[in-house]
Amino acid sequence: MVAGAPVESDAPAPRAAALVNRVVTLVAGALGPAARGARSPMSLEQARAEAATSSSLAYVQTQVTGGEVRVTIDLYPIPRNIWDRSRSGAPGPVAHGFGSARIDAEVRSYLAPTPLIARNPHKVSLPVPEVLALACSDVDDDGSIELVVLSRRTVTKGRIRQGKLLPLREVSWNDLSSIAPSPWREPLGTVAVTAGRVDLGLTDRALSVRLDGELGLVATYGGMPVPAVGGVACSPRRVGSLAAELGPCLPGDPSPPSPAPFPFDAAAWDLTFDTQGRPRNVWAVRNPTDGSVALRDDRGGQHVLQNVGAQIALADVDLDGDPDLVASKNVLNARNDALVVRSWRAAGTLDKRLEVAVPDGISALAVCPPDGPGLRTMVVATSRELWVLP
């Protein structure tokens, strides 16, 4: 028998009992046809009584905390008769298991909805000038979220603490790659984080680099890395844009599924999940000639949005199951810039959800993994500081 404890959650969970039943059903299914699941949450003592005619009890405890769903399973033998129970009492567990994952739209569907509203940003001074790209992820697979800040001179991995960006590791571009023979007049930086490694490109430099989670140099290569389905792909450099042709950055990397529809200057990719737990790969690229962004997904969906700024990211910000395009505005005067969030609905429409004015202009942006019960954090680099929203 498989039974579940009531959910422990740091966010309101009006469908907590349904979440327990879902986890119990999955565990029972994984154990095989001999396992049966209890229909409602219960204490361990109640579960032992319900399992009196079973050979064993798998007791499941589910927590939703810190942006993660955590599941603990303990296996208890069931004494066969009253004499066994009276001699030894309730036996302890003979096996134990634990697993965790970042919450997604499926888990979020059991919690109270989180409104996507504008809040005052938390502003942090920039330790380096001219930031061109950002990434926010668990870069070194240690369970904590870090920022990767790519500037024209350095690459920094750090965390925001007490109103400052605390650098954990910093490397100079001079130690990574030589100056490019023909740097672009307006420099372009790209970053993609996958499986404990960081790929970075900068048009000021001759070669792009692959670093490990501690920013140690792993390899160099000629293409510019961009986020793509599967994690990262490489594009040849062209004057003012990146070529539509995409390929593996290094031998052994997976091949991207398709080329971009046109030469581009910004790309974003994310794997989202709907409220039924079904995955959806979403990819976006921006055309520098007219500021349009082409959106695609692996379900055959396509959408073209006109007049978008050069900084874009894809993420399910409010974990409602619909991917969100997070972008700057396509303006000449930085005073008119803003962070704009649009949701790509299952019906194919792109609905504007949020706009936050950024009068210093946006030079880079990123969306962090879930790390709490509210919205996913968005990080914006301006000419003077980092903005952390919400």
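Just so you know, all these numbers are worked out from the coordinates, no wet-lab data involved. Quantities reported herein were computed from a predicted structural model and do not represent experimental measurements. Methodologically, a virtual Cβ is constructed for each residue, glycine included, from the backbone with ideal geometry; neighbour enumeration extends over all protein chains shown.
For the chain, the longest principal axis of the alpha carbon atoms and the long axis of helix 16-31 meet at an angle near 80°. In the frame of its principal axes, the chain has Cα extents of 85, 43, 41 Å, reported largest first.
Taking a straight Cα-Cα cut-off under 23 Å and skipping sequence neighbours fewer than 8 places away in the same chain, the lysines within cross-link reach of residue 157 are 123.
Sorted fewest first by neighbouring Cβ atoms within 10 angstrom, 273, 264 come out as 273, 264. Applying 1/(1 + (r/R0)^6) with R0 = 22 Å to the Cβ-Cβ distance of residue 258 and residue 122 gives a FRET efficiency near 0.05.
A straight line joining the Cα centroids of region 268-289 and region 244-261 runs 17 Å. Derived scalar couplings between HN and Hα for region 307-313 equal 6, 10, x, 7, 10, 9, 8 Hz in order, rounded to whole Hz, by the Karplus curve 6.51 cos²θ - 1.76 cosθ + 1.60 (θ = phi - 60°), x for Gly and Pro.
Quote to one decimal, in nm, the extra length available between residue 34 and residue 219 on full extension: 0.36 nm per residue of separation minus the C-alpha distance between them.
Values: separation 185, 0.36 × 185 = 66.60 nm, distance 5.06 nm.
The span from residue 34 to residue 219 would gain 61.5 nm if fully extended.
First obtain the Kirkwood hydrodynamic radius of region 238-390 from its Cα pairs, then insert it into the Stokes-Einstein equation at 4 °C and 1.567 mPa s, and state the resulting D in µm² per second as a whole number. Numbers along the way, then the final one.
Details: Rh = 16.2 Å.
This corresponds to a translational diffusion coefficient of 80 µm²/s.
Short-range pairs are left out: with C-alpha atoms under 8 Å and at least six residues apart, the relative contact order of region 1-154 is 21 percent. Mean separation of Cα pairs under 8 Å and 6 or more residues apart, divided by the residue count, gives region 122-389 a relative contact order of 14 percent. Residue order for 340, 367, fewest other beta carbons within 10 angstrom first, comes to 340, 367.
For residue 180 and residue 52, the difference between the fully extended length at 0.36 nm per residue and the C-alpha to C-alpha distance is 38.8 nm. Each helix, a run of at least 4 DSSP H residues, gives -39500 (n - 2.57); summed and divided by the residues of the chain, these come to -2500 deg cm²/dmol at 222 nm. The alpha carbon centroids of region 37-77 and region 124-191 are separated by 45 Å. Need the list of lysines near residue 352 for cross-linking: C-alpha distance under 19 angstrom, and skip anything on the same chain fewer than eight residues off. The qualifying lysines are 329.
Per-residue Cβ neighbour counts within 10 Å put 368, 136 in the sequence 368, 136, beginning with the fewest.
Once the other residues with Cβ under 12 Å from the Cβ of residue 324 are scored (Lys, Arg +1; Asp, Glu -1), what is the net sum?
Numbers: positive: 342, 345, 352, 353, 376; negative: 270, 316, 318, 320, 322, 351.
Value of the local net charge: -1.
Would you mind calculating the gained length between residue 170 and residue 207 on full extension (0.36 nm times residue separation, minus the Cα-Cα distance), in nm to one decimal? Write down the numbers at each step before the final one.
Numbers: separation 37, 0.36 × 37 = 13.32 nm, distance 1.84 nm.
The span from residue 170 to residue 207 would gain 11.5 nm if fully extended.
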